Amino acid sequence: MMKTKSALLKKIAIALCAFLLISAGGYFYWQHQEGVRIAEATAQAAAEAAAVAAAAEAAEAARLAAERLMAVTVKARKPIVEYERPAPLPPEPRQSILDWIALNPDTIGHLQIEDTKVDYPVVQGTDNDYYLNHTFDYIKAIRGSIFLDCNVDFDPLDLPRHLLFHGHHMRDGTMFQNVALYKGEKFFYDNPIIRFETLFQDTYWQVFSVYVCDSNEYVPMSFRSPEAYEAYLEKTAARSMFPVDLSLTVEDRIMTLNTCSYEFSGAHTLVVAKLVEVLED
């Protein structure tokens, strides 16, 4: 009887131990599976968060790109507004020239050569005939006036490339008679400067050539190209009776004084000078 009871207790103990072992194993298995599930859930959540962040970053980049594109498009479509700058005001008119203009509206300036009788207002007519035998005050007379060739496009604010002045060679020494003095070597070198005052400027010109030509010789006042003007300057300097060391370029402005001469029938004396100084005060 005692052996039977002891065997029974032993079986119960073994069964209980087996149950506890199985229960513990199940519990640990469940814990493992739960850990795996939690790890997977955490990884999935992290992946989803990363995807959301990447999507948000891409969306922000797209938004910024769209804004930049819109700004460029708007800027490109925006009409260009050009603001006109006001033209600079011209210098004050010179009262001395205004006084001459009050006497004769054809006045364009005043011509002067020191130590000579050349000290006259200069006019420009619509042709080269009227002032050839009419004085500054409209009186018909052989001495005429000192006048700018009618073919010169004169602008007192932007002097043309070539100014051509005409004046008679009067035997009493008036008008352009003294211009012929440049054919004397001493006078040529002692009197190199010609002054021409316009409505807005006081200009000074240095003589670099004097020569005699036929009255029928054409004196150009405009040139078809810079090369043509350069050739004319070189030719004019080479024709001078006396050499002058003065550089000449196509950017230079020149004046020519033209008067009668007596070397032969129809002879004319031409004196040519280059603009070297401009004063606006």
query: Out of the stretch 114-168, which residues are touching an Asp or Glu at 6+ places or on another chain (Cβ under 7 Å) and either among the small types (G, A, S) or not assigned by TED's automatic domain parsing to the domain that holds I254 (or both)?
result: G125
- prompt: Can you find a residue in the stretch 169-192 that is in the same structural domain as L111 (by TED's automatic domain parsing), crowded, with 20+ Cβ neighbours inside 10 Å, under 30 Å from the mean Cα position of the chain (by Cα) and part of a strand (DSSP E or B)?
  reply: no
query: Where residues in the stretch 126-168 are touching a Lys or Arg at 6+ places or on another chain (Cβ under 9 Å) and not in a loop (DSSP other than H, G, I, E, B), which of them is surrounded by the fewest Cβ atoms within 10 Å (Cβ to Cβ)?
result: H134
query: So which pairs qualify, if the first residue must be in the stretch 87-101 and part of a loop (DSSP other than H, G, I, E, B), the second must be surrounded by 14 or more Cβ atoms within 10 Å (Cβ to Cβ) and not β-branched (V, I, T), the Cβ gap must be under 7 Å, and the two must be at least 6 apart or on different chains?
result: P90/F200; P91/F200; P93/L199; P93/F200; R94/E197; R94/L199; R94/F200
message: I'm trying to understand the selection: among the residues of the stretch 212-244, which are buried (at least 16 other Cβ atoms within 10 Å of the Cβ) and not hydrophobic (A, V, I, L, M, F, W, C)?
response: Y229, Y232, T236, S240
query: Could you say whether any residue in the stretch 232-243 is farther than 23 Å from D119 by Cβ and part of a strand (DSSP E or B)?
result: no
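Considering only the stretch 104-119, I want to know if a residue exists there that is out of contact with any Cys (no Cβ under 6 Å at 6 or more places or on another chain), over 30 Å from F188 (Cβ atoms) and either surrounded by 17 or more Cβ atoms within 10 Å (Cβ to Cβ) or touching a residue at least 12 places away in the same chain (Cβ under 8 Å) (or both).
yes
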message: Given the criterion in contact (Cβ under 8 Å) with a residue 12 or more places away in the chain, in the same structural domain as G144 (by TED's automatic domain parsing) and within 29 Å of R94 (Cβ to Cβ), identify the matching residue among N258, N216.
response: N258
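The values are calculated or read from the model by the stated rules, or taken from the named source; none is laboratory data. All values reported here derive from a predicted model rather than from experimental measurement. Cβ atoms come from the backbone with ideal geometry, glycine included; neighbour counts cover every protein chain shown.
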